[in-house]
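Here it is, the structure, as structure tokens.
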Amino acid sequence: MNVHDSEKIAGILKSEGYIETDCPQDADLVIFNTCSIRQKAEQKFFSELGRLKMLKKRKPGLRIAVAGCIAQQQGKKILKRVPYVDYVIGPQNIHMVRDLNKANFAKIAVEDNLLIADTELPVERKDQVRAWINIMYGCNNFCSYCIVPFTRGREQSRPSHSILNEIKELAHKGYREVTLLGQNVNSYASDKSFPELLKEVDKIEGIRRIRFVTSHPKDLSDELIIAIRDLEKVCEHIHLPLQSGSTRVLSLMNRKYTFDEYLKRVDALRRNVPGIAITSDIIAGFPEESVYDYGLTVKALHEIEFDGIFAFHYSKREGTKAAAMRGQIADSEKLSRLNEIIEIQNEITEGKNQSLNNSVQEILIDGPDEKNPLKMSGRTRGNKIVSVTLNAMHQPIKPGDVINVLIIKANRHSLEGEVIPE
Ligand code: SAH
Ligand code: SF4
């Protein structure tokens, strides 16, 4: 979501005549688009910001803006704490970047924006094959650990016609894959439901693949499972954050599903969409997570066998319900639980990748393989990265091509494949 917000900020600035540079020394304006989901992201930002202090001294005309969730959360406090910051712009107000040059710009833009879903912004995309598209903003769920509802406000869904028009334009420009973005896409609600929206996107000529993040397990409907099963372009992959294998901890997290309910959704997905890749998020060391609860998460990993997970140790976020809970777990214990979870999942992921060995996979080519420019890199429909060896007999392969590849080797985090002669 944040990376895509950065693409919008870049799009607005470009339309205002700015030129992008990779080098802060050359810049007249530096914008930090910040994330505050966990403390580590926050620390990283403040240390990066510290590096610009000397530059600003040497170049007083340099303007520094802080955008994103830290901007939203801290507001004025940033200007006090870091006096060389010029502007603070929350994630609901990135359209205001347009006004930075105006003398009357108020320095701080952190108000709730009730029109965000109706605002169209120019986007400067980094990729030429795959594109992100916001279908909704904000979140109503208030999971007890999470800062997002406080920084991104309440849910607002974009009207379907503006989403579909944006995707048609992307298809026209040569984009082949779209990822529909929302904190909880299953609660998309405009003139269409989420499965109805998918049906319309599926009809757009030129688009070959449709993905979406993130699905909240409590709202994963049978209609959505049927849409994944029946719609040709919707990829057989779902990111379905479990967070914990303990129903007691899930309830403390305010996730609104039990572990058994989660398992039933996984069963329904696997029954209806054979071979579907399921990935997840796990939090280790949530307040009051006992060794027994933690064991239930480990058991869940073995039982479900996710294709991959993002695992985090619980990070206290000021203002959230969990931050005030008793039973906070020591950092060392959180870390040791996290490391064990990562190790267990690494083996499961590797096993999952191994099971694809010798299979034929449809790959959408992204571009040259960064590690070996003689190869190309792409992804399977299940979102696994494949490094593709080119075949001298085959026609040249370019980004955006969809080709069949024989998987010849499975590594822990990627696959290797060979083009199948046509
Ligand atoms: N809306 C999405 C994404 C939320 S943020 C969703 O509900 O899945 C992505 C992930 O960050 C979450 O799934 C959660 O696992 C993790 N996360 C959020 N807040 C956290 C915190 N305070 N500490 C540790 N992990 C956190
Ligand atoms: Fe955060 Fe929960 Fe909303 Fe996801 S659904 S953004 S974890 S509050």
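I need the full set of residues from the range 396-422 which are touching an Asp or Glu at 6+ places or on another chain (Cβ under 8 Å), under 19 Å from G367 (Cβ atoms) and in a loop (DSSP other than H, G, I, E, B), in order please.
Passing the criteria: only P399.
Another question, then. Among the residues of the range 39-50, are any among the acidic types (D, E) and surrounded by fewer than 14 Cβ atoms within 10 Å (Cβ to Cβ)?
The answer is yes, given that some residue of the range 39-50 is among the acidic types (D, E) and surrounded by fewer than 14 Cβ atoms within 10 Å (Cβ to Cβ).
So, one more: Can you name the number of the only condition in (1) aliphatic (A, V, I, L, M); (2) open to solvent by 20 Å² or more (accessible area, probe 1.4 Å); (3) under 30 Å from G206 (Cα atoms); (4) under 21 Å from the mean Cα position of the chain (by Cα) that A311 fails?
(3)
If you take the residues in the range 167-193 that are within 16 Å of ligand 1 (Cβ to nearest atom) and part of a loop (DSSP other than H, G, I, E, B), which one is most open to solvent (accessible area, probe 1.4 Å)?
Among them, the one singled out is Q183.
Same structure, new question: Hey, among K256, K233, which residue is of a type outside the set (G, A, S), away from ligand 1 (no atom under 15 Å from the Cβ) and at pLDDT 95 or above?
None of the other options fit; the residue is K233.
What about L13, is it surrounded by fewer than 20 Cβ atoms within 10 Å (Cβ to Cβ) and in contact (Cβ under 8 Å) with a residue 40 or more places away in the chain?
Values: surrounded by fewer than 20 Cβ atoms within 10 Å (Cβ to Cβ): yes; in contact (Cβ under 8 Å) with a residue 40 or more places away in the chain: yes.
Yes: the conditions hold for L13.
Here's a follow-up. Could you check the range 139-166 and list, in sequence order, the residues that are away from ligand 1 (no atom under 16 Å from the Cβ) and surrounded by 22 or more Cβ atoms within 10 Å (Cβ to Cβ)?
R158, I163
Do we have H394 as open to solvent by less than 40 Å² (accessible area, probe 1.4 Å) and modelled with pLDDT under 95 here? Before you say what the answer is, go through the steps one by one.
Working: open to solvent by less than 40 Å² (accessible area, probe 1.4 Å): yes; modelled with pLDDT under 95: yes.
It is true that H394 is open to solvent by less than 40 Å² (accessible area, probe 1.4 Å) and modelled with pLDDT under 95.
Would you call P241 out of contact with any His (no Cβ under 8 Å at 6 or more places or on another chain), at pLDDT 95 or above and surrounded by 17 or more Cβ atoms within 10 Å (Cβ to Cβ)?
Considered against the rule, which asks whether it is out of contact with any His (no Cβ under 8 Å at 6 or more places or on another chain), at pLDDT 95 or above and surrounded by 17 or more Cβ atoms within 10 Å (Cβ to Cβ), P241 comes out as no.
Now for a different question. Mind listing whichever residues of the range 85-108 are surrounded by fewer than 17 Cβ atoms within 10 Å (Cβ to Cβ) and either in contact with a strand residue (DSSP E or B) (Cβ under 8 Å, 6 or more places away or on another chain) or among the polar types (S, T, N, Q) (or both)?
Hits for the range 85-108 are N101, N104, F105, K107.
Specify which of the listed residues (E223, E196, E205, E200) is part of a loop (DSSP other than H, G, I, E, B), among the acidic types (D, E), away from ligand 1 (no atom under 16 Å from the Cβ) and farther than 17 Å from H4 by Cα.
Working: E223 fails: part of a loop (DSSP other than H, G, I, E, B); E196 fails: part of a loop (DSSP other than H, G, I, E, B); E200 fails: part of a loop (DSSP other than H, G, I, E, B).
It is E205.
Taking the range 213-226 on its own, how many of its residues are away from ligand 2 (no atom under 14 Å from the Cβ) and either open to solvent by less than 10 Å² (accessible area, probe 1.4 Å) or of a type in the set (D, E, K, R) (or both)?
Total satisfying the criteria: 4.
Right, next: Which condition from (1) surrounded by fewer than 21 Cβ atoms within 10 Å (Cβ to Cβ); (2) within 16 Å of ligand 2 (Cβ to nearest atom); (3) closer than 17 Å to I341 by Cβ is the one that E305 breaks?
(2)
The values are calculated or read from the model by the stated rules, or taken from the named source; none is laboratory data. Worth saying up front: this structure is predicted, and the values here are computed from it rather than measured. Positions of Cβ are generated from backbone atoms using ideal geometry, with glycine treated the same way; all protein chains shown enter the neighbour counts. Note: areas computed on protein heavy atoms with side chains; ligands, DNA, RNA excluded. Shrake-Rupley method; radii C 1.70, N 1.55, O 1.52, S 1.80 Å.
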